[in-house]
Amino acid sequence: MFRTVAGTTLANAVQNAVVAFEIDDIDPWSTTGWSIVVVGHAREITRPDQIARAERLPLNRWQHGGVAETILRMSSEVINGRTFGAAYEVAQG
């Protein structure tokens with residue numbers, strides 16, 4: 001689940017669409033990392049009981065501006081992940 005501002009391109013574009021969400025991280029000390037991609041359908045949560053349940057989750061926004069009152073839920077139909085070695089050297093400090 002994630003929040004967005006009603007009427008934004010994101011809120012309008014993902015209604016019942018197939019979407020992908022990717023999250024990556026790298027550990028500079030071990031020079032390894034991971035990447036996970038989830039593919040599924042996104043839908044707006046509109047039922048009051050589901051909204052109330054989502055409101056109890058830590059669904060914070062990173063971007064400022066507007067009121068992020070639209071809550072979207074993404075199904076996880078395909079999940080792929082991998083670990084990898086970093087392609088850069090860790091800075092000595």
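The values are calculated or read from the model by the stated rules, or taken from the named source; none is laboratory data. Values in this document were obtained by computation on a predicted structure and should not be read as measured data. Cβ coordinates were reconstructed from backbone atoms using ideal geometry, including for glycine residues, and neighbour counts include every protein chain displayed.
If you scan the range 59-78, which residues turn out to be in a loop (DSSP other than H, G, I, E, B), surrounded by 13 or more Cβ atoms within 10 Å (Cβ to Cβ) and at pLDDT 80 or above?
Just the residues of the range 59-78 that are in a loop (DSSP other than H, G, I, E, B), to begin with: 59-69, 75-77.
Add one more test, that the residue is surrounded by 13 or more Cβ atoms within 10 Å (Cβ to Cβ), and what stays is 59, 61, 66, 68, 75.
Passing the criteria: only SER75.
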> Residues of the range 1-17 being surrounded by 12 or more Cβ atoms within 10 Å (Cβ to Cβ) and among the β-branched types (Val, Ile, Thr), which ones?
Replying inline: THR4, VAL5, THR8, VAL14
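From the residues in the range 18-55 that are among the small types (Gly, Ala, Ser) and over 19 Å from ASN80 (Cα atoms), which one is surrounded by the most Cβ atoms within 10 Å (Cβ to Cβ)? Please lay out each step first, then the result.
Residues of the range 18-55 among the small types (Gly, Ala, Ser): 20, 30, 33, 35, 40, 42, 52, 54.
Checking which are over 19 Å from ASN80 (Cα atoms) leaves us with 30, 52, 54.
Values: SER30: 10, ALA52: 10, ALA54: 16.
Top of the filtered list is ALA54.
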> Just checking, how many residues over the range 16-58 are modelled with pLDDT of 90 or more and hydroxyl-bearing (Ser, Thr, Tyr)?
Replying inline: 1
> Which of the residues that make up the range 1-26 are in contact (Cβ under 8 Å) with a residue 40 or more places away in the chain and either of a type in the set (Phe, Trp, Tyr) or assigned to a strand (DSSP E or B) (or both)?
Replying inline: PHE2, ARG3, THR4, VAL19, PHE21, ILE26
